[in-house]
1. Ranked by Cβ crowding within 10 angstrom, fewest neighbours first, how are His99, His225 ordered?
2. Please enumerate, by chain and number, the lysines with C-alpha under 30 Å from the C-alpha of Lys131, excluding those fewer than 8 residues away in the same chain.
3. Provide the net charge surrounding Leu94, with neighbours chosen by a C-beta distance below 14 Å and charges set as Lys +1, Arg +1, Asp -1, Glu -1.
4. Using Cβ-Cβ distances only, list the Cys residues of the chain with no partner cysteine under 4.7 Å, sorted by number.
5. Mind pulling the angle between the C-alpha long axis of helix 304-320 and the longest principal axis of the chain? Nearest 10 degrees, somewhere in 0 to 90.
6. For labels at Tyr2 and Asp223 in the simple 7 Å Cα→Cβ model, what's the distance in nm?
7. Which of the aspartates and glutamates could be linked to Lys213 by a straight reach, that is with a Cα gap under 17 Å, when you skip same-chain ones fewer than 8 residues away?
8. Give me the angle, in degrees from 0 to 90, between the Cα long axis of helix 343-353 and the longest principal axis of the Cα atoms of the chain, rounded to the nearest 10.
Amino acid sequence: MYVGLWGWFWQEEVRAIRTGDAPVMRLIELIRKGWAYRRSAESDKMLATFREAAALASGTEHACWELFCRYWACTTLFYHVDDLQGALRETVELISQAHRPHFAQCPIRGRIYFLLSDIYYTIDPFGYEDKIREAYTHLTEQIGMDEDTHLRVKHRLADLAFLYENYDEAFDRVTSYMATAQDNHFRMRSAYMLLHRIAFARGDIPLALEHAKQVAFFAGDIDAHEDVGISILWEAACEQRLGNTVKARSLYKKAMHLFDAYDLPHWAYYYNACCDYLEMCGDPEQALHLREKETQAYIAYGSVWYVGRTHLQTARLLGRMGRNCDEVLEHAEALTKDMLKPAIYLSKVERIRKGDYYEFAWQGVTR
């Protein structure tokens, strides 16, 4: 049985209108305004609006509204403003508040717990894996979730399987939840993004291309501009690998225009797609420049996993360029002091030291 989060929201909206509850009506107005800012990629305005709503909610007699508005402020910090440490700090505070008996029946609690687990996933998925899985069990058995959050948990479990290179398990997990997510374009967007990654990891470029197109479709339907741009970049990279250079160039320019038009952030999938495309176009120097830029961005962001992953990609690229990558690998190894479980990461470093400069085995065979 799912928690009826949106049933609660709509019932509260109807109640507020019928009873003339002006504070709650104002809250709902601000919340919808914040959601509208997401669609137009105005993250700072989105955050300010949800914080205004949270401040207003703290003065109402309806306890759950405060949790609801603070949750959306934390979500905005993490997923849209990209303030990892601020999101971690405020979400931990919110979890502490959600523990109070006063908030025990609030249907947003499950989303708050999931958000905290997702923040730790971003910091270090291997290091915090046990705690992340414990959080999912606690959500299922003790807190309860709305249907969308349950789908997100299933997606993260598929994601973990992918990180362990268990591609068959990742595929089975993601396709199993897609059957119940057909009308949820947020989840279908994420599902096809993972299917794209699986296909690419297996070296099936035509299938990876088709999945990237599906990501663009679902992301466009929900106004997820960054994901639209990323999917188009991967279309360009795949088309370039398939020899369709003119089409690939057009797609690449289209994606760059979208990122510039909305001033969208650049994250891992962006850099991976750009660098793959540029290297296939015979411009590894530009790809290396982007990897260096990516490294600095992630050091500032504060995710040991993101920084480490970028060191690996940079070292591989240098190796393929015939350059020495020892200094980058030294930085990569130094980073393990901040990792709770560095064994898998160190095994990848060792592969590079031995001269394996490809993330996936097929890449070295098809060059």
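Derivation of every value follows stated rules applied to the coordinates shown; laboratory data play no part. Just so it is clear, the structure is predicted and the values come from calculations on it, not from any experiment. Here Cβ is always computed from backbone atoms with ideal geometry, including for glycine, and neighbour counts include all displayed protein chains.
1. Fewest to most other Cβ atoms nearby, the residues stand as His99, His225.
2. Qualifying lysines at Cα under 30 Å: Lys154, Lys337, Lys341, Lys348.
3. +2
4. Cys69, Cys74, Cys238, Cys274, Cys275, Cys281, Cys325
5. With rounding to tens, the tilt is 20 degrees.
6. Spacing of the two 7 Å Cα→Cβ label points: 2.2 nm.
7. Here the aspartates and glutamates satisfying the reach criterion relative to Lys213 are Asp204, Asp221, Asp223, Glu226, Asp227, Glu235, Glu239.
8. 30 degrees
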